[in-house]
Amino acid sequence: MTTQDSTPTPDGTTPGAAHGATPPTSAPPWTRYVAIGDSFSEGLWDPYPYDDGTPAPAGTESDAKQRGWTDRLAGALSARRTAAGQEPLEYANLAIRGRLLRHILAEQVDVALAMRPDLVSFVGGGNDILRPQADIDVLSAQLEQGVAKIRATGADVLLGTGFKAGAGLSWTRGRVGQFNANIWTVARKHGAHVVDLWGLDPLFDLRMWSDDRIHLTPEGHRRVADAALVGLGLEPDDAEYAAQLDPLPPQAFVERARANAQWARTHVVPWVQRRIRHTSSGDGRAPKWADPTAWPRG
């Protein structure tokens, strides 16, 4: 367990996020990391190569094993441990796409704690917020219940704020902002770390997002992994992780409308159909890394 102060400061940062952060040459204190959550932590649209070494299509939801920011974070933590002469980090990922917050609590928390981790990333609630009747106070209470249960074991917790949604999902910003305020409160109350996705300006660039506008591209996952290192009080691998991209040229109204219509047909309609049928994209899926393993996997 880490002994550093992980309570967010009044300006909304975590100690070590800007000044005095643990440098990459130091061994992170955690030995076993388990990720829980939904598709955001499962890592969609960031595929590993196929088993035969053939590159999977970048930025697509291919049938290859998905990587994502949690795998990348585990890799960074493990590399720093081994560079400092420590044993590699052990890592498991129980996150499954489509899971609501109550499902994460019911299906993943106890399984994760049975692995005796000293670090758990717990990011969820996004699927709930997309539903019309979402109650942010209820979601926040559910989140706090999970954080308190994990922290009671002595394990550190890494939470993630919701991101500032762009075109097509901007209507969620009010809900996400309220949920984020509660996340910071829960983090302060229970001594959790936070990766500030709302404040990560590059995520407001559509080039960081896949075609569905909900899941990150590989570049987006890479930057979130660095933001997670900062949230843990460590130096990022890339000091420019928070730098914005050069702006795109303005898009004509007709082109923008055509792109929005294509997005609605391809991604919104299937999502609505699943809600009507009471099904989920994660139905029948198992965790991609169900057991703690020295990382990276051999």
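Normalised by residue count, segment 90-153 yields a Cα convex hull volume of 74 Å³ per residue.
A 1.4 Å probe over all protein chains sorts E107, E87, E42, E219 by accessible area into E87, E107, E219, E42, starting with the largest. Computed over protein heavy atoms with a 1.4 angstrom probe, the accessible surface ordering of W184, W171, largest first, is W171, W184. Protein-only accessible surface at a 1.4 angstrom probe places the residues D201, D291, D226 in the order D291, D201, D226, largest first. Between the amide H of V195 and those of L159, G160, T161, distances stay under 5 Å, these residues lying 5 or more places away or on another chain, with hydrogens modeled in the peptide plane. About the centre of its Cα atoms, segment 62-176 shows a dipole size close to 340 debye [charges on the beta carbon of Lys, Arg (+1) and Asp, Glu (-1) only; nearest 20 debye]. In this simple spin-label approximation, R297 and D201 carry label points 7 Å from Cα along the Cα→Cβ vector, and these lie 3.8 nm apart.
Each residue was assigned an accessible area with a 1.4 Å probe, and for T293 the value is about 40 Å².
Taking amide H positions as modeled 1.01 Å from N, with prolines and chain starts lacking one, the residues under 5 Å from L216 and 5 or more places away or on another chain are S210.
Debye calculation, C-alpha points only, no solvent: report log10 I(q)/I(0) for segment 86-240 at q = 0.15 Å⁻¹, in the same order as the q values. For segment 86-240, the Cα-only Debye profile gives -0.83.
Counting only heavy atoms of the protein chains and using a 1.4 Å probe, F40 has close to 20 Å² of accessible surface. Taking H as built 1.01 Å from N, whose amide H comes closer than 5 Å to the amide H of A35, not counting residues under 5 places away? Those lying under 5 Å, H to H, from A35 are A92, N93, L94, S121.
The values are calculated or read from the model by the stated rules, or taken from the named source; none is laboratory data. All values derive from a computational prediction rather than experimental measurement. A quick note on method: Cβ atoms are made from the backbone with ideal geometry, for glycine too, and the neighbour counts reach across all protein chains shown. Each accessible area value is taken on the protein alone, full model and side chains, heavy atoms only, with ligands, DNA and RNA left out. Shrake-Rupley method; radii C 1.70, N 1.55, O 1.52, S 1.80 Å.
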